[in-house]
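Below is one structure, written out as structure tokens, with a few remarks after it.
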Amino acid sequence: MKVALVHDYLVQYGGAERVLEEFSALFPNAPIYTLIYDAEATGHAFEGRDIRTSYLQRMPKKDKLYRLFPLLMPMAIEGFDLSGYDLVLSSSASFAKGVISGGDGLHICYCHTPMRYAWLDHKQIAGDSIYPSFVSKAIPMVMPYMRFWDNQSAQRPDHYLCNSSSVQRKIKKFYGRDSEIVYPPLDFQKFNTFSFKKPKEHFLIVGRMVPYKRFDLAIKAFNELKLPLTVVGSGPEYNKLKEMAGSTIEFTGLISEDELAQYYATSKALIFPQEEDFGITALESMAAGRPVIAYKKGGALESIKEPETGIFFDEQTVESLMDAVIKFKKMKFDSRVIQAHAKKFDRLEFRKQITDFVKKKLEEDKKLIRT
């Protein structure tokens, strides 16, 4: 069986790229089609794979300017020749689902989310810090086209998988399509590094520094509380956030996953102030035996079991987060219970569910062809 994997763009290493890694493990001989590829930015996670990029790869400074190419990306993704493949498996948060597969090939899309900046306020998602002012002014004018293309291209996959009930509802609302939930893969063994010694005093927040992740909320709350907070990651809001931070806030920048596992294991808790489609960092923290303090919305409702593995705060405000941290400090958590919960999301379970779904749909497809 000839299989092709498709991914939006490989210019960072996050939850979507972890999903693609698992697809690659299931189909090691399948080429990966992607708009742009940056080996260093992905931590060389796909080294040695057959990666086939679009014409955007030849654009100057593509690693810094790729977010300015949205009008070119539909044409670029549609330019891939996927004829002759029996199965196309796309990993999509924006453009990958829009590939045009061969007439006889089966296209299954694992949708991380419908295109965020097409359907939500782009300033809430990315902020002005990513775009030059002339681009920010032009974005509202191009969004009707992007929404039209996104909706039309969403009709191309034969079947949808998604990462949470939150995304399942969005797929139904924006695309009118049904989907099945397969929770994202957690590399349980990599983050299962906790000891049963008393953790250090610091709290932790991890991720890409863009507005919707609400790093600002955590920094303001911990400035007020005068408690230590370690901030792991980078992004366009890095300098702004660092200027706002008080003396109890430490920034590490980008670190290796081995280092990250140790930060999880030695923290008192992970702060998760954003609304995520799912949010793999919460599970990574729980795999390390550490609880999560999370905003009570989105995918966190499906990964965190209150009060055994963490607690929620109801409003995205500094006061609500501060109240949750104060409440948390009076509570006790069992690392063994937290770890046992996280193990249910291990990547081996993800591989099994993907394999079963693909086999089922291929069988159904064969039956339709025979009839």
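The values are calculated or read from the model by the stated rules, or taken from the named source; none is laboratory data. Just so it is clear, the structure is predicted and the values come from calculations on it, not from any experiment. Heads up, the Cβs are rebuilt from the backbone with ideal geometry, glycines too, and the neighbour counts pull from every protein chain shown. Side chains included, ligands, DNA and RNA excluded: accessible areas come from the protein's heavy atoms. Shrake-Rupley method; radii C 1.70, N 1.55, O 1.52, S 1.80 Å.
Express the accessible area of the chain per residue in Å², computed with a 1.4 Å probe while the remaining protein chains stay in the model. Before the final figure, lay out each step's value.
Values: 16920 Å² over 371 residues.
Using a 1.4 Å probe on heavy atoms only, each residue of the chain averages 46 Å².
By how many nm would the segment from ILE100 to GLU364 grow when fully extended, if each residue of separation counts as 0.36 nm and the alpha-carbon distance is taken off? Display every interim value, and only then the final one.
Working: separation 264, 0.36 × 264 = 95.04 nm, distance 2.09 nm.
That works out to 93.0 nm of additional length.
Loop only by DSSP, 14 or fewer other Cβ within 10 Å of the Cβ. Give me the chymotrypsin sites (Phe, Trp or Tyr not before Pro) in the stretch 192-259 that pass, ordered by residue number. Show your work: numbers first, answer last.
On the way: sites: PHE194, PHE196, PHE203, TYR212, PHE215, PHE222, TYR238, PHE251; in loops: PHE194, PHE196.
Listed in order of number, the matching sites are PHE196.
With a/c under 1.5 counting as rounded, go ahead and sort the chain into rounded, prolate or oblate using the C-alpha gyration tensor (a ≥ b ≥ c being the square roots of the eigenvalues; past the cut-off, prolate if a/b is larger than b/c, else oblate).
Values: a/c = 1.89, a/b = 1.44, b/c = 1.32.
Prolate shape, in that a/c is at least 1.5 and a/b is the bigger ratio.
Charges at C-beta only: +1 for Lys and Arg, -1 for Asp and Glu. How large is the resulting dipole of the chain about its Cα centre, in Debye rounded to 20? Could you put the intermediate results ahead of the total?
Numbers: 52 positive and 47 negative charges, 91 e Å.
That gives a dipole near 440 debye.
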Exercise. Would you please give the FRET efficiency between LYS242 and ARG147, computed as 1/(1 + (r/R0)^6) with r the Cβ-Cβ distance and R0 = 56 Å, to the nearest 0.05?
Key: 0.95
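Which loop-located trypsin sites (Lys or Arg not before Pro) does the stretch 216-279 contain, where loop means any DSSP state but H, G, I, E or B and the Cβ has at most 13 other Cβ atoms within 10 Å? Walk me through the numbers on the way to the answer.
Values: sites: LYS220, LYS226, LYS240, LYS242, LYS268; in loops: LYS226, LYS268.
Those that pass, being in a loop and sparsely packed, are LYS226.
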Exercise. Please work out whether the stretch 1-101 counts as rounded, prolate or oblate from its C-alpha gyration tensor, where a ≥ b ≥ c are the square roots of the eigenvalues and a/c under 1.5 means rounded, while otherwise a/b larger than b/c means prolate and anything else oblate?
Key: oblate
Quiz item: Can you work out the FRET efficiency for the pair THR317 and SER256, with r the C-beta to C-beta distance and R0 = 35 Å, to the nearest 0.05?
Solution: 0.55
Self-check item: Charge dipole (debye, nearest 20) of the stretch 1-114; +1 at Cβ of Lys and Arg, -1 at Cβ of Asp and Glu
Solution: 340
Quiz item: When the accessible area of the chain is split by element with a 1.4 Å probe, what percent falls to carbon and sulfur?
Solution: 51
Practice problem: Classify the stretch 197-273 as rounded, prolate or oblate, taking a ≥ b ≥ c as the square roots of the eigenvalues of its Cα gyration tensor: rounded when a/c is under 1.5, otherwise prolate if a/b is larger than b/c and oblate if not. | Solution: oblate
Quiz item: What is the spin-label model distance, in nm, from TYR55 to GLU224 if the labels are put 7 Å beyond Cα along the C-beta direction?
Solution: 5.3
Exercise. Between the alpha-carbon centers of the stretch 211-230 and the stretch 34-53, tell me the distance in whole angstrom.
Key: 34
Quiz item: Around ILE51, which amide H atoms from residues at least 5 apart in sequence, or from another chain, sit under 5 Å from its own amide H, with H modelled in the peptide plane?
Solution: ILE32
Practice problem: Please work out the C-alpha center-to-center distance from the stretch 144-164 to the stretch 286-356 and express it in whole Å. | Solution: 30
Quiz item: Within the chain, which is the longest segment containing none of the GluC sites (Glu not before Pro) that sit in a DSSP loop and have at most 11 other Cβ atoms within 10 Å?
Solution: 202-371
Exercise. In nm, give the distance between the simple-model label positions of PHE357 and GLU201, each being 7 Å from the Cα along the Cα-to-Cβ direction.
Key: 4.6
Quiz item: HN-Hα J couplings of the stretch 80-88 from phi, Karplus 6.51/-1.76/1.60, θ = phi - 60°, integer Hz, Gly and Pro as x?
Solution: 6, 8, 10, 5, x, 8, 7, 9, 10
Practice problem: Averaging sequence separations of C-alpha pairs under 8 Å and six or more residues apart, then dividing by the length of the chain, give the relative contact order as a whole percent. | Solution: 13
